[in-house]
1. Can you find a residue in segment 223-232 that is over 30 Å from C92 (Cα atoms), crowded, with 17+ Cβ neighbours inside 10 Å and either in contact (Cβ under 8 Å) with a residue 12 or more places away in the chain or not charged (D, E, K, R) (or both)?
2. Can you tell me which of E239, E213 is closer than 20 Å to V44 by Cα and of a type in the set (D, E)?
3. From F275, F299, grab the single residue that is assigned by TED's automatic domain parsing to the domain that holds L60, aromatic (F, W, Y), in contact with a helix residue (DSSP H, G or I) (Cβ under 7 Å, 6 or more places away or on another chain) and surrounded by 14 or more Cβ atoms within 10 Å (Cβ to Cβ).
4. When residues of segment 286-314 are filtered for being touching a strand residue (DSSP E or B) at 6+ places or on another chain (Cβ under 8 Å) and farther than 25 Å from F101 by Cα, how many remain?
5. Of the residues G294, G252, which is touching a residue at least 12 places away in the same chain (Cβ under 8 Å), small (G, A, S) and surrounded by fewer than 20 Cβ atoms within 10 Å (Cβ to Cβ)?
6. Among residues belonging to segment 76-129 that are assigned to a strand (DSSP E or B) and among the aromatic types (F, W, Y), point out the one that is farthest from N202 (Cα to Cα).
7. Taking the condition out of contact with any Asp or Glu (no Cβ under 9 Å at 6 or more places or on another chain) and at pLDDT 95 or above, does V117 pass?
8. Here are some residues: V140, V117. Which one is among the aliphatic types (A, V, I, L, M) and under 28 Å from L231 (Cβ atoms)?
Amino acid sequence: MRARCAGILAGLILACLAPGARAQAQPYPARPIRVIVPIAPGSVTDVILRAASPELSRRLGQPVVVENRAGANGIVGAQACAAAAPDGYTLCAVYHATMSFNPLQFDRLPYSPAEFVPITNLFLLTEVLVVASSLPVRSVAELKAHAATRPLAFGTLGGGSLQELLVTWLNTQWSAGIMGVPYRGGGPIALAVSSNEIQLGNMGVGNFLGAIEAGTVRPLAVTTTRRSPLLPEVPTFAEAGLGGFPSRGWWGLVAPAGTPPEVVARVNTEVVGLFQEPAFAAFLGRQGVQPQAGTPEEFRAFLAEDRVGAEALIRLSNQPRTEYRPAN
């Protein structure tokens, strides 16, 4: 009798555990995946990831949904990513500010780069320095002369951003008083320069192509070592006399630390496969970016090198370390 009762009890336990076991055995992914993008809708990175979303949905067999968490130089999105469950259903776009500049410039940052596991680099940005077409400036030399005598506003992504470092560096080099004005992404900055709300911007070229074609902004220099095929008449920073500011923006993909290695490997495989497809690679080229998708190990090594470069740039710009204070 006792043996029979024990057998019944064991059967009940197994029956209760079975649904959970089946759930754990489900192949990844079993439900929709969100990708946190820490920049405003309409910015070139947002455009790229929204174009990638249906392709990745097809490859992974589940919806991949972009969720914009813009603000504070990427800190808002990074904080949301770090707080997410490490189950593979939250992926996060990160960039030079998230992983390199913010940790070096802010105390009391609400996340740490150690809270993320690298999946893959995505692309390098071709950034372009532009001015509002209403400004009587057609070269960096003319901009320098103009900035010496007139107040100018420069669109940035907030305190500690690469654009803020460029503003600080320009003011030091030119004895100017250019003022940084924060926005939530390259799209809003492009609109602001086009409408002469501000006079200067330096973001990914994809943000400005429409405005350049419309004639509402004027490109002065690109950050790449060679001229961009999208803007072959526009000089590089080095050619224009800005070679002392060595920087190039990038974007990559991470997940919350603790995400299973097999999930990281699956996402890496599908993202790298997509970025290597000729049609998608051509689309990326039209956005003014250079594909860089590779292994998690390659991305980890890239991040270490980028941190060293960020340290040098912060010293060059003489940017002091400050306490992060979230907006109310």
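1. Taking every residue of segment 223-232 in turn, at least one turns out to be over 30 Å from C92 (Cα atoms), crowded, with 17+ Cβ neighbours inside 10 Å and either in contact (Cβ under 8 Å) with a residue 12 or more places away in the chain or not charged (D, E, K, R) (or both).
2. Working: E239 fails: closer than 20 Å to V44 by Cα.
Result of the check over E239, E213: E213.
3. Every option except F275 fails the conditions.
4. Of the residues in that region, 0 qualify.
5. From the options G294, G252, the qualifying one is G294.
6. Per the criteria, the residue is F116.
7. yes
8. That would be V140, the only listed residue that is among the aliphatic types (A, V, I, L, M) and under 28 Å from L231 (Cβ atoms).
The values are calculated or read from the model by the stated rules, or taken from the named source; none is laboratory data. Owing to the predicted nature of the structure, the values given are computational and were not obtained by experimental measurement. FYI the Cβ positions are ideal-geometry reconstructions off the backbone, even for glycines, and counts take in every protein chain you see.
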